[in-house]
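Accompanying notes for the structure given below.
The values are calculated or read from the model by the stated rules, or taken from the named source; none is laboratory data. Note that the coordinates shown come from a computational prediction; the quantities given were computed from them, not determined experimentally. For neighbour counting, all protein chains shown are included, and Cβ atoms are generated from backbone atoms with ideal geometry for every residue, glycine included.
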Amino acid sequence: MNLVLIGFGSVGQGLVEILRDKADDLQTRYGFTPLVVGVATRSRGTLYRPDGLNLDALLAAIQAGHLNAYPDTPGLERDWDALRLIRDSNADVMVESTHTNLDTAQPALDYCRAALDSGRHVVMANKGPITLAYEELTERARVAGRLLRFEGTVMAGTPSLRLGIQALAGCTISQARGILNGTTNYILTQMEGGMTYADALANAQALGYAEADPTADVDGWDAAAKALIVARAIFNSPLTLKEMPVSGIRYVTPDDIQAAREAGERWKLIARVTPTEASVQAMRIPANHPLASVSGATNAITYTTDLLGDVTLVGAGAGKLPTGFALLSDLIEIYTHERMELS
Ligand code: HSE
């Protein structure tokens, strides 16, 4: 399976580290031997080599600051732009991990269109295109006979979507409720320990949890996008961000946190999704509530089902390797699907 990586920040590098470190295991356990043939960045160069790029050299080059540092190798092209890589390379899958844009979803949306229309599967961690153009993209994928997978858009590699779509298939899910933003949960947890809001936010940025523009995290829009993706993927609901009541944690003060603590409660940013509505709101919940014990950048989702009652999944919601793993899990699913089609 040949991959082109569009965007090569923390998440893309996380995937490449995993592919490098687990190459033997992936081959032995699943017969999965993916090849990274192309990488495109916005301002740090582009590489294409149809026979595959060396993953160590690729990581060393980006860590040195620019893909120009990748050594000259026979067959290497350095001047293909992202759209040319998507359309004209020998890739089977486009892995999209550019920054999320919740206003236009661009440029990722055009990358997705180009990939599906030129017969590539799409795997993405970027929330923009799924939030704003889910129906269009799923229809393009259907017409192209290709798969569109986006597990990493919600709770990183913790399989929140796969749980709802696959593992709970056959149950009727009436509600999903959870903590879907790692940055705000980390900030609230640190503030409970006495850290200032500004220091906690700076730490969340340094740890790679926050979005490029962290207002999307602290004002609730990142969690809202994820709630919308859950609404689409689990309930096939046509909700839009504009229809959702959304608030964040920007105005939660140390005094508010202290008052909650004295009342035996904790502040959490809670996303709630039903078949007909979705919302994101900072609220106080009792300290013995299952979601109250979810701390730091950890996320959680509780599906309320008819046959199992509540099913809760807790795990990493952000970060380099957890999100890199989300991309890997989607790639393995596509690889398995292709093998079944062939057999
Ligand atoms: N900024 C996001 C968060 C990253 O803090 O949860 C993962 O989507």
Report every pair of residues separated by at least 6 positions or lying on different chains whose Cβ atoms are under 8 Å apart, first residue within the range 149-174 and among the basic types (K, R), second in a helix (DSSP H, G or I) and within 14 Å of the ligand (Cβ to nearest atom). R162/E151
If you check L201, L168, which single one turns out to be within 16 Å of the ligand (Cβ to nearest atom) and either assigned by TED's automatic domain parsing to the domain that holds S293 or within 19 Å of T323 (Cβ to Cβ) (or both)? L201
Looking at the structure I just gave you, is A259 buried (at least 17 other Cβ atoms within 10 Å of the Cβ) and either aliphatic (A, V, I, L, M) or in contact with an Asp or Glu (Cβ under 8 Å, 6 or more places away or on another chain) (or both)? no
Those strands (runs of 3 or more DSSP E) completely within the range 262-306 that have 2 or more residues that are free of Cβ contacts under 8 Å to residues at least 24 places away in the same chain and in contact with a strand residue (DSSP E or B) (Cβ under 7 Å, 6 or more places away or on another chain) are 278-286
Name every residue in the range 112-128 that is within 16 Å of the ligand (Cβ to nearest atom) and either among the charged types (D, E, K, R) or surrounded by fewer than 24 Cβ atoms within 10 Å (Cβ to Cβ) (or both), in order of residue number. K127
Taking the condition of being under 14 Å from the mean Cα position of the chain (by Cα), of a type in the set (V, I, T) and under 20 Å from L228 (Cβ atoms), how many residues in the range 78-126 meet it? 4
Consider only pairs whose beta carbons are under 6 Å apart and that are at least six residues apart or on different chains; among these, list those whose first residue lies in the range 89-102 and is in the same structural domain as G12 (by TED's automatic domain parsing) and whose second residue is assigned to a loop (DSSP other than H, G, I, E, B) and within 16 Å of the ligand (Cβ to nearest atom). E96/N126; S97/G7; S97/A125; T98/G7; T98/N126; H99/A212; T100/N126
Of everything in the range 262-291 that's over 12 Å from L188 (Cβ atoms) and of a type in the set (V, I, T), which residue is surrounded by the most Cβ atoms within 10 Å (Cβ to Cβ)? V273
Taking the range 137-148 and keeping only residues that are within 19 Å of the chain's Cα centre (by Cα) and either without any contact (Cβ under 8 Å) to a residue 12 or more places away in the chain or within 16 Å of the ligand (Cβ to nearest atom) (or both), one is left with T138
Every pair of residues 6+ apart whose Cβ atoms lie under 8 Å, when the first sits in the range 222-236 and is under 14 Å from T184 (Cα atoms) while the second is among the charged types (D, E, K, R) and surrounded by fewer than 24 Cβ atoms within 10 Å (Cβ to Cβ): D222/E211
How many residues does the range 297-320 hold that are within 13 Å of the chain's Cα centre (by Cα) and either more than 13 Å from the ligand (Cβ to nearest atom) or within 13 Å of R162 (Cα to Cα) (or both)? 0
Kindly check whether there is at least one residue in the range 49-57 that is loosely packed, with under 15 Cβ neighbours inside 10 Å and among the basic types (K, R). no
Quick check, is A64 farther than 17 Å from L15 by Cβ, in the same structural domain as L331 (by TED's automatic domain parsing) and surrounded by fewer than 18 Cβ atoms within 10 Å (Cβ to Cβ)? yes
Can you name every residue in the range 321-335 that is among the aromatic types (F, W, Y) and within 16 Å of the ligand (Cβ to nearest atom)? F325
From the option list A216, A227, A212, A176, single residue qualifying as under 24 Å from A282 (Cα atoms) and touching a His at 6+ places or on another chain (Cβ under 7 Å) is A212
For the range 204-219, which residues satisfy the criterion of being more than 10 Å from the ligand (Cβ to nearest atom) and crowded, with 17+ Cβ neighbours inside 10 Å? D219
Please specify each residue of the range 233-252 satisfying the condition of being under 16 Å from M155 (Cβ atoms) and either under 15 Å from the mean Cα position of the chain (by Cα) or within 16 Å of the ligand (Cβ to nearest atom) (or both). A233
